[in-house]
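This report concerns only the one structure given below.
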Amino acid sequence: MALHSTTAPTAVNSNGSKSYLFPFILVTSLFFLWGLAYGLLDVLNKHFQEALNVTKARSTLLQAAYFGAYFLIALPAGLFMNKYGYKKGIILGLLLYALGAFLFFPSAQAGSFNFFLGALFVLASGLTCLETAANPYVTVLGKPETSEFRLNLSQCFNGVGSFIGPIIAAKVFFGESSSDDAGSLDSVKMVYVIIAIVVLFIAFLFWRTYLPEIKESKTGDDLVDQLPGKSVDRQKPLFQHSHFVYGVIAQFFYVAAQVGIAALFINYCAEAGIGIDNAKAAYLLSISLALFTAGRFVGTALMRKIAPNILLMIFALINIVLCAVVVWGSNWLSVYSLMAVFFFESIMFPTIFALGVKDLGHHTKKGSSFQIMSIVGGALMPFVMGLLAEKGTAHSYIVPLLCFIVVAWYGWKGYKIKPAGA
């Protein structure tokens with residue numbers, strides 16, 4: 001008897017034929033949009049420290065609001081998409097993104113840091129819907145064996161958005177127009193209103209475009225392996241998939257490292273004794289995110305030759321060494337090491353995500369929601385880093401060093417899929 005797969009969801013159009021290319025391109029555009037939002041966020045930290053007179057630790061509440069939304073909204077977003085489909089989930093995400101961006105205008109008018117936190121939470125709630133939909137959607141728009149490659153390719157454009165964000169922010173937030181008035185928030189209003197208008201236009205495009213829906217297998221009950229001596233675990237609960245559970249844990253620590261590294265980047269450069277100001281540090285952040293983007297393309301190419309889990313482990317080990325230099329150094333070498341971290345962390349999120357949801361079958365949407373919820377690591381750890389940074393920013397980078405140890409272990413052992421009944 002033939003062995004049938006029970007774990008591979010596919011995307012089909014209304015007449016049953018596969019149509020992947022255009023949906024892949026359209027959904028990949030979403031990766032750029034949330035990359036742009038994230039690229040702006042890390043520069044806002046330093047800008048608000050000066051414009052609104054907040055401490056380093058309090059400024060990291062921006063990350064808490066941003067990534068806290070992922071924890072609170074990811075599961076409801078997954079449930080929404082289970083009921084209404086990925087297309088409506090994407091449109092909902094874009095509308096919330098636009099609403100949050102528009103709310104930056106009254107927040108700037110009031111000059112209230114707390115209002116900005118609320119606006120950012122709404123914006124990030126939209127991004128949560130987009131990530132909950134787009135990440136798993138990309139993994140099934142093609143052959144299962146190339147899912148990690150496709151997700152890394154799409155995530156490359158997330159890196160492009162992240163690279164452009166700090167360039168815009170450095171020019172607008174720390175440019176000559178704002179240098180004479182640190183309290184001016186007019187530039188923030190302008191940037192986010194423009195973003196809101198662009199996002200509404202993209203939402204319109206999605207509304208007018210047909211997207212194939214993901215059709216997932218139900219359970220092992222409807223496709224039974226009848227080979228002699230074989231058995232199928234037909235009802236294996238989601239949390240008995242150890243590679244998924246470890247993937248959620250690894251993702252928590254990875255995002256904690258990524259967000260904390262970028263959130264205090266400008267502070268680190270300003271305190272490194274290399275004689276640069278905030279604007280120049282913001283440009284260095286942009287260069288670092290360019291390295292992040294390059295790392296995505298290079299890593300995606302390397303996955304043609306190197307197994308994704310092996311590449312994940314190697315890059316994590318390199319970052320452990322680089323973070324050690326960052327913690328115990330205070331010169332251009334330590335700054336260059338910090339910038340290099342961005343290159344080697346580039347493939348980690350999509351690779352952990354793809355490895356974590358692999359072969360989950362009908363659990364794919366729910367598993368994806370938990371993967372996105374694990375992004376809450378980016379809400380919690382930066383605040384810890386902010387507290388440590390009050391006595392010197394360099395000391396705070398011990399936190400991402402420890403986080404990369406967890407990621408390296410996942411690439412070494414945690415990713416392994418246990419057979420049914422194991």
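Every read-out reported here was derived from the displayed coordinates using simple, explicitly stated rules and does not represent laboratory data. Computed from a predicted structure; not experimentally measured. No Cβ is skipped: glycine too gets one built from the backbone with ideal geometry, and neighbour counts run over all protein chains shown.
Assorted remarks:
- The distance from the alpha carbon centre of the stretch 102-156 to that of the stretch 298-321 is 25 Å, rounded to a whole number.
- Note: relative contact order over the chain, using C-alpha pairs below 8 Å and six or more positions apart, is 29 percent.
- Inverse of mean 1/r across different Cα pairs in the chain, Kirkwood, Å: 21.7
- Restraint check, LYS365/LYS418; LYS83/LYS366; LYS83/LYS418; LYS143/LYS413; LYS236/LYS416, Cα-Cα greater than 18 Å: LYS365/LYS418; LYS83/LYS418; LYS143/LYS413
- Taking a sphere under 15 Å around the Cβ of PHE104 and counting the other residues whose Cβ falls inside, with K and R at +1 and D and E at -1, yields a net charge of 0.
- Note on the stretch 251-347: the alpha carbon radius of gyration divided by the globular reference 2.2 N^0.38 Å gives 1.10.
- Computed FRET value (nearest 0.05) for ILE306 with LYS391, which takes r as the C-beta separation and R₀ as 45 Å: 0.65
- Taking 0.36 nm per residue of sequence separation and removing the Cα-Cα distance, the LEU21/ILE197 pair yields an extension gain of 60.7 nm.
- When trypsin sites (Lys or Arg not before Pro) are flagged only if DSSP places them in a loop and at most 16 other Cβ atoms lie within 10 Å, the longest unflagged stretch of the chain comes out as 19-217.
- Extension gain, TRP207 back to THR146 (0.36 nm per residue minus Cα-Cα distance, nm): 19.1 nm
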